[in-house]
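A short write-up of the structure that comes next.
No value in this document is a laboratory result; all are computed from the given coordinates. If you're wondering where the values come from, they're calculated on a predicted model, not measured in any experiment. Every residue, glycine among them, receives a Cβ derived from its backbone with ideal geometry; neighbour counts consider all protein chains shown.
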Amino acid sequence: MEAFVTHSIKEGIGTLTFGHPAGNSLPSLLLNQIAEALQVLQNDKDVRVIVIQSQGNKAFCGGASLAELKTLNTQEEATAFFMGFATVMNTLRQIDKFVVARVQGKAVGGAIGLIAAADYAIAHEEASIKLSELSIGIGPYVIEPAVSRKIGTTAFGHLSLAANEWKSALWAHQRGLYAEVCPSTQALDTAVHAFAQRLSNYAPEAMKQLKKLHWKDTSHWATLLPENAKITGQLALSPYTKAVLNTL
């Protein structure tokens, strides 16, 4: 499988699908393509709700591409890489259509930010999560505003410090990252389709105004997330992080 981002539209539901052979991880190219596809679906009048999902039945997303992280050599390159996550999350925040995340498997690092920045996430019971950034010498600075907004600062603190520990889908559900947890892939697909279909039948203007209400007090993210991308980029170039990456 080659890395890809595609989108399709059916019955008012715009579906964005991404994939990468390395556990659906996210290099810069895919992050940019995801942001672009979200904007395309936002601008399409036939789309009333957006579903974001990944390829396959295993990992939902492995977070930042470690292969690309290893190639970063300058502050400009490192900041640009983490700006990919900032751009995707700000796009999810700014578009006026609700976004439903279909999480069929494990989610690591930046993937949790992607889920948190969606408006509603439905997950498989095996979709455990881990914020691994601290273990390689950086931190989840770019995604923190979205994750803390969704699960609270205490849960974010526990998750970010337990950098080598998987938290179960039940843990994520109890803290609000997942709105629903399903026992099988079939049940997951049924739940995602049913929820997206219900949303697509609601009044577009009512949903637009409700989304604004859901995301109130986040306009400062336009500057906050880029600032955090710069901090993360600086740490990614540190001798500690470079040494850890060379062992992976």
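Determine whether T79 is hydroxyl-bearing (S, T, Y) and closer than 20 Å to L41 by Cα.
Working: hydroxyl-bearing (S, T, Y): yes; closer than 20 Å to L41 by Cα: no.
The answer is no for T79.
Could you say whether any residue in region 63-71 is hydrophobic (A, V, I, L, M, F, W, C) and outside any helix (DSSP H, G or I)? Break it down into steps so the answer makes sense when it comes.
At the first step, the residues of region 63-71 found to be hydrophobic (A, V, I, L, M, F, W, C) are 64, 66-67, 69.
Subsequent filtering for residues that are outside any helix (DSSP H, G or I) retains 64.
Yes; the residues of region 63-71 include at least one that is hydrophobic (A, V, I, L, M, F, W, C) and outside any helix (DSSP H, G or I).
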Q. Of (1) assigned to a helix (DSSP H, G or I); (2) under 19 Å from the mean Cα position of the chain (by Cα), A243 satisfies all except one. Which?
A. (2)
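Of all residues in region 224-244, how many are of a type outside the set (A, V, I, L, M, F, W, C) and farther than 12 Å from I136 by Cβ? Quick ask: steps written out before the conclusion?
If we filter region 224-244 for residues that are of a type outside the set (A, V, I, L, M, F, W, C), which is where we start, we get 226-228, 230, 232-234, 238-242.
Next, only the ones that are farther than 12 Å from I136 by Cβ stay: 226-228, 230, 233-234, 239.
Within region 224-244, residues that are of a type outside the set (A, V, I, L, M, F, W, C) and farther than 12 Å from I136 by Cβ number 7.
Here is a check on your reading of the model: is V181 touching a strand residue (DSSP E or B) at 6+ places or on another chain (Cβ under 7 Å), β-branched (V, I, T) and over 19 Å from A229 (Cα atoms)?
So V181 fits the description; yes.
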Q | Hits in region 214-226 - residues which are out of contact with any Pro (no Cβ under 9 Å at 6 or more places or on another chain) and surrounded by 15 or more Cβ atoms within 10 Å (Cβ to Cβ) | A | W215, P226
Q | Criterion: crowded, with 22+ Cβ neighbours inside 10 Å, more than 16 Å from A123 (Cβ to Cβ) and in contact with a Ser or Thr (Cβ under 9 Å, 6 or more places away or on another chain) - qualifying residue of L66, L38 | A | L38
(Q) Could you list, ordered by first residue, the pairs with Cβ atoms under 6 Å in which the first is in region 45-64 and more than 26 Å from G12 (Cα to Cα) and touching a residue at least 24 places away in the same chain (Cβ under 8 Å) and the second is buried (at least 18 other Cβ atoms within 10 Å of the Cβ) and of a type in the set (K, R), at least 6 apart or interchain? (A) A59/K106
Q) If E11 passes every condition in (1) surrounded by 15 or more Cβ atoms within 10 Å (Cβ to Cβ); (2) within 29 Å of E125 (Cβ to Cβ); (3) touching a helix residue (DSSP H, G or I) at 6+ places or on another chain (Cβ under 8 Å) but one, which one does it miss? A) (1)
**Q.** Considering residues of region 78-124 that are assigned to a loop (DSSP other than H, G, I, E, B) and not hydrophobic (A, V, I, L, M, F, W, C) only, the residue surrounded by the most Cβ atoms within 10 Å (Cβ to Cβ)
**A.** G109
Q) Is region 66-77 home to any residue that is among the aliphatic types (A, V, I, L, M) and within 14 Å of the chain's Cα centre (by Cα)? A) no
